[in-house]
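Student: Mind having a look at this structure? Questions to follow.
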């Protein structure tokens, strides 16, 4: 591990410096604060490198993982009356569960299957992530915070009162108090509600209403009327430096330059800006309330979300691993990488960090700076810990608008422009009435729109189902087209059928099965019995190109064979492969319906049997 110490040292330090502003920004964006982003970067970077399967990978909070985390955090905080401290145990438990799921995926060997997730789903999701980050940073970039807009918050006072009363009724129901029997208790509790309680609840409702892409657009007009010009200037300067400095040199990370320069100017000139939340000093402390205050009911609704986080982190990490392989001419171990990412995310959750994954830009920076072994990722984590301990109070003075500006550039950069540019050129393979559309474009746009305005988790699920259904249909159509049902006279014979006896062509019907017989391709096969000419006394089914048969295909085969046998047609199977034969033997198609003497290894031996056993009835 220490053979390339110099390269790993430079690579780790450079990657850690690149990770710093992004970690702070992702922490703020998630809703848990900058320290959560730093803790995530520290622990995920160190432990994913130590236990992972990609030597040069640098891990930490990423845009996709932060976007999903943001949804989880906002939902649980809203349930807990807007109190982040009350919500924290449930939030971190879900992050911990996501880490455990990743470890499980690695241990059972699912890492190599992640690559089969369709590109349109990934493309739509990544573009949606970019849209979400870009749009949700518009409000902090202009210095508008809905919770602090008194006129806006006042609109929610009536709803806040109703919500508090409902909470009282729920508490009483949980304690077994019936309102109709003990109405005085309800009045007594309601009388304790103060104006401050109502204002706090109204602020929570206001923040919830203005969250996400849709919420941002709802209050954008108010934000534009209440622009804080200093905050907007800081954000625009940050964006300008990030893009402008790259044109001068890429040797120094432009994001870090923007962070240092704009923050330094704002602080040095004593500008009246809004700083980020204070970053705690000292070593990170494990959040043991995850275990002591564990409640199954608090995380049950979010188990699917934890699974989504785990899968998303797996995809993100393994895609970055492929990039690292291409740059270093090495080969990563996907299952080991998942275990490492899971361990990193689990430990980060215990210390209050947000989840992350392998980060492509940081990994590329590490490799270009000389990183060659897992030590580089561990050094990046240690460097961030040193920065936290030494510069925590200084980092707490960073303007919130600077991080908003950084995130705007992240949102723009994370969108999948390759997929968007391909939209006009993808084949239109489905019809909706008179309109022809591309199924891949439809999947991509569906995932992108649903993720942006509705729910990231459900959108990905719907996209996967839609993509799977379209794949099944295409495979079914293709198999049916290739495996057409025609009598020998009209079907193009295979090479070994060219010398088939002319006198038996009316009596023998040959069926070529080309490709798998599965639930998407059984429809045409089931029509075989009805399409056989009345002259046919024998059907030869050639199975040498049917590599696979699923349970649906198996029962379709059984139905066809039973129909043929009822019509006193003799069925011959030729060159049946191992998997289909195994399936047919399981339900006794072989030998009950098709005896062994009617099964041949090749067409030549089958032809000898036909010449000896099939009588020429219709030949002139």
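Student: Which one of these is surrounded by 19 or more Cβ atoms within 10 Å (Cβ to Cβ), under 28 Å from the mean Cα position of the chain (by Cα) and in the same structural domain as residue 71 (by TED's automatic domain parsing): 328, 363, 300?
Tutor: Going through 328, 363, 300 in turn, just one is surrounded by 19 or more Cβ atoms within 10 Å (Cβ to Cβ), under 28 Å from the mean Cα position of the chain (by Cα) and in the same structural domain as residue 71 (by TED's automatic domain parsing): 363.
Student: Here are the criteria: (1) modelled with pLDDT of 80 or more; (2) in contact with a strand residue (DSSP E or B) (Cβ under 7 Å, 6 or more places away or on another chain). Tell me which single one residue 454 does not satisfy.
Tutor: Status for residue 454: all satisfied but (2).
Student: On the phi < 0 side of the Ramachandran plot and assigned to a helix (DSSP H, G or I): is that true of residue 32 in this structure?
Tutor: No; evaluated as a whole, the condition is false for this residue.
Student: Answer yes or no as to whether residue 392 is crowded, with 17+ Cβ neighbours inside 10 Å, within 25 Å of the chain's Cα centre (by Cα), in contact (Cβ under 8 Å) with a residue 60 or more places away in the chain and in the same structural domain as residue 283 (by TED's automatic domain parsing).
Tutor: Spelling it out, it is not the case that residue 392 is crowded, with 17+ Cβ neighbours inside 10 Å, within 25 Å of the chain's Cα centre (by Cα), in contact (Cβ under 8 Å) with a residue 60 or more places away in the chain and in the same structural domain as residue 283 (by TED's automatic domain parsing).
Yes/no matrix, rows are residues, columns are (1) crowded, with 17+ Cβ neighbours inside 10 Å; (2) part of a helix (DSSP H, G or I); (3) within 29 Å of the chain's Cα centre (by Cα):
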residue: 215; (1), (2), (3): yes, yes, yes
residue: 221; (1), (2), (3): no, yes, no
residue: 235; (1), (2), (3): yes, yes, no
residue: 241; (1), (2), (3): yes, yes, no
residue: 251; (1), (2), (3): no, no, no
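Student: Working only within the stretch 75-108, note down all residues that are at pLDDT below 85 and outside any helix (DSSP H, G or I).
Tutor: Once the filter is applied, which keeps residues that are at pLDDT below 85 and outside any helix (DSSP H, G or I), the stretch 75-108 yields 80, 81, 82, 83.
Student: Residue 161 is checked against (1) touching a residue at least 60 places away in the same chain (Cβ under 8 Å); (2) outside any loop (DSSP other than H, G, I, E, B); (3) buried (at least 16 other Cβ atoms within 10 Å of the Cβ); (4) not assigned by TED's automatic domain parsing to the domain that holds residue 68 and fails just one. What number does that condition carry?
Tutor: The one condition residue 161 does not meet is (1).
Student: Which condition number does residue 391 fail, the rest of (1) in contact with a helix residue (DSSP H, G or I) (Cβ under 9 Å, 6 or more places away or on another chain); (2) under 23 Å from residue 29 (Cα atoms) being met?
Tutor: (1)
Student: Further question on the same structure: If residue 57 satisfies every condition in (1) in a helix (DSSP H, G or I); (2) at pLDDT 90 or above; (3) buried (at least 24 other Cβ atoms within 10 Å of the Cβ) but one, which is the exception?
Tutor: (1)
Student: Among the residues that make up the stretch 424-439, is at least one of them buried (at least 19 other Cβ atoms within 10 Å of the Cβ) and farther than 26 Å from residue 255 by Cα?
Tutor: yes
Student: Looking only at the stretch 167-213, count how many residues are part of a helix (DSSP H, G or I) and at pLDDT below 75.
Tutor: So the answer is 17.
The values are calculated or read from the model by the stated rules, or taken from the named source; none is laboratory data. Quantities reported herein were computed from a predicted structural model and do not represent experimental measurements. Positions of Cβ are backbone-derived with ideal geometry, glycine not excepted, and every protein chain shown enters the neighbour counts.
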